[in-house]
Structures are given as C-alpha cells and as structure tokens.
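I have placed the structure first, in the form of structure tokens, so that the comments after it can refer back to it.
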Amino acid sequence: MSVVAASAVRSGAERLKSLLRTHTVCRAATKWRRFPLSLTAGGVIVTLMLLAAAAAPFIAAYPPDQVLAGPRLAAPSPTYPFGTDTLGRDMFSRVLRGALIAVQAALAGMGIAALLGVPSGLAAGYRGGWLDWALSRFVDIWLAFPGLLLALVIVARLGPNLSNAMLAVGLLGAPGFYRLTRGLALSAGKLAYVEAARSVGCPAGRILARHILPNLASSLIVYATLRAGAAILAVGGLSFIGLGAQPPSPEWGALLAAGRSHMDTAPWLAVYPGLSLTLTVVGLNLLGDGLRDVWDGRACAR
Amino acid sequence: MFIYVARRAAGSLVVLLAISLIVFLALSAAPGDAAAAMAGDSASASQLAILRAELGLDRSPLARYASFLTGLLTRGDLGRSLVSQRPVAGLVLERLPYTVALALAAVALAALLGGVAGTLAALRAGTPLDTLLMAGAALGVAVPTFWSGLLLILLFSLHLRWLPVTGAGTPAHLVLPAVTLALPTAASVARLVRSGLLDVLAADYIRTAHAKGLTPRRVVIRHALRNGLIPVAAVLSLQLGHLLGGAFIVESIFGWPGLGRLAVQAIFDRDAPVVLGATLAAAAVYLVVNLGMDIAHGWLDPRVGREAI
C-alpha cells in the first residue's frame, strides 16, 4: 500500500501492461513456436552493430576527427559512403565511431541502473519491513520526476559532458530495475524451494545469490536489453540538446545536432546518424521482445 | 472516499517537498555559484564575498532552503533569474501554457492515431495489414524524437514549405512538434490497444453479443472497445504527465517556448533559480495530473478507494 499517488498509478498501469503482455506472448509463442522472428532479426542487427563498433578502426577509411579527409559537404559517393561534413570529415568513419560510443552508452546506462537497482530490489523484496518501505519511498520520489527531467538536473549539477550524461541516464534507470527485481524477489521468496533452503539454515545472502537471483535472471536480461536501447536514446537526446557529448565527439545525437543547421543543403548529415541510432534501438527492442517470447513461452506452454 | 483523496494529496505534497529539497541542494552545491556567474571572471575575491552576502549565499544551504520555501509558500516567490533579473514565477507561468498546449495536442493525436491503428490491427490480426501496422509501431517506439523531428522539418518545412520550421504563435507552429512528440506514444498505444482488444474479443460476453445478432460494428465499438480501452486510458494519462515535464528535446528542436526549453537554456546560463523553478513546476504538474487520475480511478472503481483506507 503506497502513500504516494504516482506510484500506485504507475504500478497499476505496469501490472495491466504485463498482464496484457503475458497473454499476447502466449499467442505469439504458439504462433512462432520456440524461435520468434523478432529474436533472429534483433540478434542480427545487434551483432552487426557490435561488430561495427569493434571493427570501426579497421573498416573506417579515415580517423573520425580528421578534417579535410575529403571536400567539404560532399554528397554520399563510393569514396565517402555517408558524405562529408562542413569540415570535410568523412561521415562514414564518424558514424562508425559513434557505434562504439553507443555501445558504451548502452553498457554504462544499463549497467549503472542494474548495479544500483538489482541488489537493492533483491534486499527490499526478500527482507521486506522497514528496509523495503524506506527504499520504496525513495524510489517513489526518484520516479516523480517526469521523463528525462532528473537527468537534466544531474547534468546541470555535474556539468554537461558525455560521461555525466551516461551517469545521469544510469541513475534514471535504477528505479525500473529496483521495482522489477523487488516484485520478482517478493514472489520468489515464497517459493517452496526457497523456504526449504531457509529451513535448513541457509544464510540470506546465499539464498539471494544462489537460489533467487538465478530464478530472476531471464526477466532481468530481457529488461536489461530493452533498457540498453532506452539508454542509447536518452544519451543521444541529452547530447542532441548540448548536455551530453560535446563537439567534436561523433556521438550520434551530437552528430545530428551538428548536422541540423546544414540539413537543407546536406541532408545526409542528419539522415545517417539518425538511421544508425534508430536501427540499433529497433534491434535491441526486437532482441528483448524475442527473448521474452522464448522464455515466457515455456511458462505458457503448460 | 474523502480519506482516500486526502491521503493521496498529502502523499503528493510530501513527494513535491522532497523533490524541491533534493533539487535545491543539488543546484546550490554546483561548482561556480550564482555570485561567480553574475560577477564574471574579472571580479576580485572581496567583490565576490560582498555579492555572496547580498545574495545570501554565505548562509548554509539548509538555511537558504528554509527561506526559499517560506517565500514560495507565503508569497508564491521562486526567486529571481540571475540573467534577466525577472521573477522566476513569472517566467514559469509565461511558459506553462505552451507546454500544456503541446502536451495536450500530442496526447490527443497519439490517442487518435494509436487507437485507430491498434483497432485495425486487432480486427485484422494475422493479416499483412496487422504486420505492417505493428512493424510501424515497433519503429515508432524506437525512433528518437530528435531524429523524426528533423526529418519532418526536412520534408514539410524545407522541401514542401507547408509549415514553419521553428517558433510559436500560430496553430501551424504547433503541428510538427505535436506530431513528433505524439509518434512514440501513438506507437505504444497502438500495441496496447491491439493486445487489449485481442484479449477482450476472445471473451465470452463478446460471443454472446455476436450470438444475439448485434452487428459486428456495434459489438466492437459498444462492447469490445469499451473494456479494451481501460488500460489505454491509464497509460495515456501517465504519458500526459511525462510529456508535460519531459518534452524539452522536442521543444528544443522546434524552438517551442515551453518549460523544458526554459530549463535547458537556464542550465547553459548557469541560472540556478530558473532551473529550480522550471523543474519544480514540471514535477508539480506531473504529480497533479497523476493525482487527478488516481482520484478519477477511485471514483470510477470504488474498490480502489476502499482498499487504500
């Protein structure tokens, strides 16, 4: 029972959403059998993006920051597949390097959120009592900031740069991990085998790490995949308005911000970074949805 | 019911107070305080000290928060902008109507687009139309507003020259920002409507409605949609709150003079009182919208109110 209005509303909506999701998942699982199309498509896109990020220094024809690698504002051509920008930098090399930053943003944004949210959620859900009450009230306050507003305040406090933007996005994502983990740990704590472990004197830390956490792993991995996409979007958004990566960083949001003033004459400056960003997020969403279908499908099949 | 409303309102007020304290302390501890920002680089240490005393910056942060809160509660005073020297409350009230107009337009558009697309997809489930619509929705939730906004400007403002690029004032200025902001919400609404409707369509009472000879249109509109739309209404009002406070990226793209743009500009100007005022206003609006929805929910479904007492 929550003191705070917002939390009740949100958890209600989330419950409804997850209810609906379970139903469609069952239908999808029978339709696609065990291996949904979304998993394949998402897996391929995400793998390609990871490869691009890892191989960027070898594929890219120029260093991402080299000015006058070609003529200024050259249209896309076989030599410059994504064209060049106002300083004659090769956009293909820059967008490729941006993939590496996107991977960092995804890992940092999702990783910080998980590191903060999962242990606290486990503790709150399993122990309950005053600890659960205090943590949950704290999270209510955290979530009462609409949208990215909290990230805005954090960046205002720490100063606008890429690592602060990633940190802010990570802090923003922590309540989601907390709520998910808390709810799952709460129900997992009542399972018979956990009770059995408790009755033979297994210490709480061991129960959480060895018995409860593995039970939650699939749900957490699905959520983390979806959060990784959200983190890339959020870091890109902060960079776009100037509160994240600063020039000459080839972060995709920053590339879009730099390209917008020349959009009329050089649309490729705005098209390719945005396309890469959207494709990556679509890939991560598909992968997350696909994993959920596969893992939940087993539960539905009974 | 009254106790339920009072409890919810008190909870929101406590959260708002906590937010104001957190944001106040975070911003007052920021490197390079207001006095340094006002005096500029050439000021000497003694000049800075005098300015700090004038602004009250030599007192402890908690003491300053106490006087800020007293001013806010007794006179509605949010302090003055360090840049324009104008009262922050006035700046916020000036921007608020723009943010509200944009958020309402976006939510209405998202409900319409998402509702129609989701209903069509559910009624034609498994057909190419369904696949197409759901692929569009998958794209819609992933596409960043700061890209779709630029593409819309490129198409409708620069090439077709139908709509203005940036600014506010005429209804035409509202179209592109509202569409940009509505797209992701419309996409998630479409998914939600589709899955909700599919569940409802499989229910016994829908078969009964069909069996007693109602036209398919009447079954869908009067029976299925009514029930299938309950979760959608909850999500839409939640989104309204988010759009009211979190639209600063779209506001930045289109130069829309709302609250978010005020906050972003103030961060660049190191204008802490304005950042604080704009943030608090956005959080307050969000909490009020949520509170209103909670009360409406408790009123529509008496079980909610009783449960909470």
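The values are calculated or read from the model by the stated rules, or taken from the named source; none is laboratory data. Just so you know, these numbers come straight off a predicted model, no measurement behind them. Heads up, the Cβs are rebuilt from the backbone with ideal geometry, glycines too, and the neighbour counts pull from every protein chain shown.
Observations
- Those residues of the range B:74-100 which are buried (at least 17 other Cβ atoms within 10 Å of the Cβ) and basic (Lys, Arg), in sequence order: B:ARG80, B:ARG95
- Unique residue being among the hydrophobic types (A, V, I, L, M, F, W, C), within 13 Å of chain A (Cβ to nearest Cβ) and surrounded by fewer than 17 Cβ atoms within 10 Å (Cβ to Cβ) when the list is B:ALA103, B:ALA135: B:ALA135
- Of all residues in the range B:208-259 being modelled with pLDDT of 80 or more and touching an Asp or Glu at 6+ places or on another chain (Cβ under 9 Å), the one that is nearest to A:ARG260 (Cα to Cα): B:PRO257
- Among the residues of the range B:53-104, the ones that are among the polar types (S, T, N, Q), without any contact (Cβ under 8 Å) to a residue 40 or more places away in the chain and assigned to a helix (DSSP H, G or I) come to 3 in all.
- Within the range A:55-86, the residues that satisfy the criterion of being farther than 15 Å from A:ALA270 by Cα, assigned to a loop (DSSP other than H, G, I, E, B) and out of contact with any strand residue (DSSP E or B) (no Cβ under 7 Å at 6 or more places or on another chain) are A:ALA60, A:PRO63, A:PRO64, A:ASP65, A:GLN66, A:VAL67, A:LEU68, A:SER77, A:PRO78, A:THR79.
- All positions within the range A:263-278 that are surrounded by 20 or more Cβ atoms within 10 Å (Cβ to Cβ) and in contact (Cβ under 8 Å) with a residue 60 or more places away in the chain: A:ALA266, A:TRP268, A:LEU269, A:TYR272, A:PRO273, A:SER276, A:LEU277
- Leading residue by the ranking (surrounded by the most Cβ atoms within 10 Å (Cβ to Cβ)) among those in the range A:279-288 that are of a type in the set (Val, Ile, Thr) and closer than 16 Å to A:ALA53 by Cα: A:THR280
- For the range A:236-253, a residue qualifies if it is within 11 Å of chain B (Cβ to nearest Cβ) and crowded, with 23+ Cβ neighbours inside 10 Å, and the qualifying residues are A:GLY236, A:GLY237, A:LEU238, A:SER239, A:PHE240, A:ILE241, A:LEU243, A:TRP252, A:GLY253.
- Selected residue (only one of B:LEU183, B:LEU160, B:LEU152, B:LEU176 is more than 19 Å from the chain's Cα centre (by Cα), surrounded by 17 or more Cβ atoms within 10 Å (Cβ to Cβ) and more than 10 Å from chain A (Cβ to nearest Cβ)): B:LEU152
- Within the set B:THR180, B:THR185, B:THR166, the sole residue that is at negative phi, in contact (Cβ under 8 Å) with a residue 24 or more places away in the chain, outside any helix (DSSP H, G or I) and out of contact with any Pro (no Cβ under 7 Å at 6 or more places or on another chain) turns out to be B:THR166.
- Number of the exception - A:LEU158 against (1) modelled with pLDDT under 90; (2) crowded, with 20+ Cβ neighbours inside 10 Å: (2)
- A:TYR193 being among the aromatic types (Phe, Trp, Tyr) and either exposed (fewer than 15 other Cβ atoms within 10 Å of the Cβ) or without any contact (Cβ under 8 Å) to a residue 12 or more places away in the chain (or both): yes
- Number of positions in the range A:109-140 that are free of Cβ contacts under 8 Å to residues at least 40 places away in the same chain and within 14 Å of chain B (Cβ to nearest Cβ): 3
- Of all residues making up the range B:241-276, the number that are more than 10 Å from every other protein chain (Cβ to nearest Cβ) and under 16 Å from A:LEU150 (Cβ atoms): 0
- Meets criteria (touching a residue at least 60 places away in the same chain (Cβ under 8 Å), in contact with a Gly (Cβ under 6 Å, 6 or more places away or on another chain) and closer than 30 Å to B:ARG86 by Cβ) for B:GLY260: no
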